[in-house]
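Before any comments, here is the structure.
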Amino acid sequence: MRNPFLDPTLQEILQVIKPTRADCDTRIGVIEQLRSVVQSVECLRGATVQPFGSFVSNLFTRWGDLDISVDLFSGSSILFTGKKQKQKLLGHLLRALRANGLWYKLQFVIHARVPILKVESGHQRISCDISIDNLEGLLKSRFLLWISEIDGRFRDLVLLVKEWAKAHNINDSKNGTFNSYSLSLLVIFHLQTCVPAILPPLRVIYPKSAADDLTGVRKTAEESIAQITAANIARFKLDTAKSPNRSSLSELLVSFFAKFSDINVKAQELGVCPFTGRWENISSNSRWLPKTYSLFVEDPFEQPQNAARSVSRRNLDRIAQVFQMTSRRLASDCNRNSIIGVMTGQQIQQSLYRTISLHNQHHANGTHNVRNLHGQSRPWNQQLQQNWSQSYNTPNPPYWPPLTQSRPQQSWYQNNPRNLQGRPSVQGQTWPVITQTQTQQKSQNKNGNRPFKNTPAGSSQNQGHIGNPSVHMNGVNSARPASIIPSQRGQMWRPRHEH
């Protein structure tokens, strides 16, 4: 029997942890501040400052960190920047940030696999991880954004799982537990292996390790990856043969914790493989040998890297215990306070208690708003787009992918004052799966019909692109990356509204 408290309580938690317009604007302000510091460093002049990670994939919470890549060769050929060179450049940036005086808690993680500079902004104290030429990080962030467009429950599950993991101190790679990326991969794997499946094996979305295709001219490589991914996602979404999964968010969350409650036992012989969408035997997979990690979660976009390589054996047993405890608590007849206690940390709990107190007060005064307990009306898409053009002086705001039919009122292009020609979307037959070799026929598609559903055809920048990923990503149009146009260097991706 379903717990009647679980779904409404999870929605309360999401109301608190989902970012507001102010949270988004704060991060954009931090990026602008960092951009000015980067341009003051002689050896970094001309480099672009690009956010990636959860901010780009729209999987960040109100208190989430900000991942930033300083791209040296944005828009030109992809060149290899050695680890020593990255360390040297970050050292120059560290000195500039110290001299600036507006950045705190500066820490240079010089010997990490990817050298990073950890800082905290003076504005709202946002924690930032800065790296050099992190093209792989940018690519993975976009893939997570594209995957979230398949089913909205993916984003909600990731936000809840990340908050839960932080509350139980198992979302800290420095201390031998999960990083946020590996938690997102576990959620993907859960949605691939539930019955019926919600997400496909990721080889259906992209048929190989995408990082291997980051070669040659950057614009061409990114556009090719986006075109293939868009067509394959469209094909999967329009496949009428697959059975729909109508599980509620609470049912998916409870089954997630149950699935991984014995992860320490499974990990001795099996690895998590989102690329194939199934548990894989480690001993029979030569790419994963020799077995040196306590848990193997293969990175589907940079194979055969292990996204959970930071998890230690001792912590894996503790992680399994937390999964088991949470699974038992949520499966029992627990009340609202018990759910909040197991799913959130102290900061969120205090926020929830204040919110409910305010909610009761508003209800008594006849001003109850069931959609937003923070007192801020949603959606705020139109306000964001207005602020965008005023702040960044760009010819077109970034394209926000069309939403699913369950949220038609949020179709961005219908409300977009900058939709140049306002022509209606083109509908028709589905696209076949596109392979790597077929991307060479891209120019032929530009002159033909575009039967991709819900795709705006108004802007000339969108002509010849298939579906969501091939347009603005992280503020970069894959056909004409803004990062290579000097007048558009401030452009970046902005997350759209989610209920």
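The values are calculated or read from the model by the stated rules, or taken from the named source; none is laboratory data. All figures in this text were calculated on a predicted structure; none of them were measured in a lab. A quick note on method: Cβ atoms are made from the backbone with ideal geometry, for glycine too, and the neighbour counts reach across all protein chains shown. Heads up: the accessible areas ignore ligands, DNA and RNA and are worked out on the full protein's heavy atoms, side chains in. Shrake-Rupley method; radii C 1.70, N 1.55, O 1.52, S 1.80 Å.
If you count, for each residue, the other Cβ atoms within 10 Å and average over each peptide, how do 60-72, 239-251 line up from highest to lowest? Numbers along the way, then the final one.
Working: 60-72: 21.6, 239-251: 12.0.
The most tightly packed comes first, giving 60-72, 239-251.
Report in % the part of the accessible area of segment 5-356 that belongs to carbon and sulfur, leaving out ligands and nucleic acids; probe 1.4 Å. Please report the intermediate quantities before stating the final value.
Working: 6760 of 13570 Å².
Looking at segment 5-356 in its full context, I get 50 percent from C and S.
Around Arg125, with a cut-off of 14 angstrom between Cβ atoms, what is the net charge of the other residues, counting Lys and Arg +1 and Asp and Glu -1? Mind showing how you got there, number by number?
Working: positive: Arg27, Arg62, Lys105, Lys118; negative: Asp23, Asp65, Glu120.
So the surrounding residues net to +1.
Output the peptides 194-205, 134-145 sorted from most to least packed, where packing is the average of other Cβ atoms within 10 Å over each peptide's residues. Kindly include the intermediate steps, with their values, before the conclusion.
Details: 194-205: 18.0, 134-145: 23.0.
Ranked by mean Cβ neighbours within 10 Å, highest first: 134-145, 194-205.
If I take every Cα pair under 8 Å that is 6 or more residues apart in segment 5-356, average their sequence separation and divide by the length, what percent do I get for the relative contact order? Display every interim value, and only then the final one.
Numbers: 514 pairs, mean separation 65.2, N = 352.
Relative contact order comes out at 19 percent.
A 32 angstrom limit on the alpha carbon distance is what I want to check against. Which of Lys237/Lys291; Lys18/Lys86; Lys208/Lys259; Lys219/Lys242; Lys105/Lys219 exceed it? All intermediate terms of the calculation are to be shown ahead of the outcome.
Values: Lys237/Lys291 37 Å; Lys18/Lys86 34 Å; Lys208/Lys259 27 Å; Lys219/Lys242 35 Å; Lys105/Lys219 36 Å.
The answer is Lys237/Lys291; Lys18/Lys86; Lys219/Lys242; Lys105/Lys219.
So for segment 5-356, taking the charge dipole from beta-carbon charges (+1 Lys/Arg, -1 Asp/Glu), which of Leu330, Ser40, Ile110 sits furthest toward the positive end?
Ile110
State, as an integer percentage, the relative contact order of segment 88-142 based on alpha-carbon contacts under 8 Å between residues 6 or more apart. Working shown, then result.
Values: 64 pairs, mean separation 14.0, N = 55.
Result for segment 88-142 is 25 percent.
Any idea of the accessible area per residue across segment 5-356, 1.4 Å probe, to the nearest Å²?
Numbers: 13570 Å² over 352 residues.
Averaged over the residues of segment 5-356, the accessible area is 39 Å².
Give me the net charge of Ile188's neighbourhood, meaning all other residues with Cβ under 14 Å from the Cβ of Ile188; Lys, Arg count +1, Asp, Glu -1.
On the way: positive: Lys140, Arg153, Arg155, Lys162, Arg203, Lys259, Arg278; negative: Glu149, Asp151, Asp156, Glu298, Asp299.
It works out to a net charge of +2.
Give, rounded to the nearest 20 debye, the magnitude of the charge dipole that segment 5-356 has about its Cα centre when Lys and Arg contribute +1 at Cβ and Asp and Glu contribute -1 at Cβ.
Working: 44 positive and 32 negative charges, 128 e Å.
Computed about the Cα centre, the dipole is about 620 debye.
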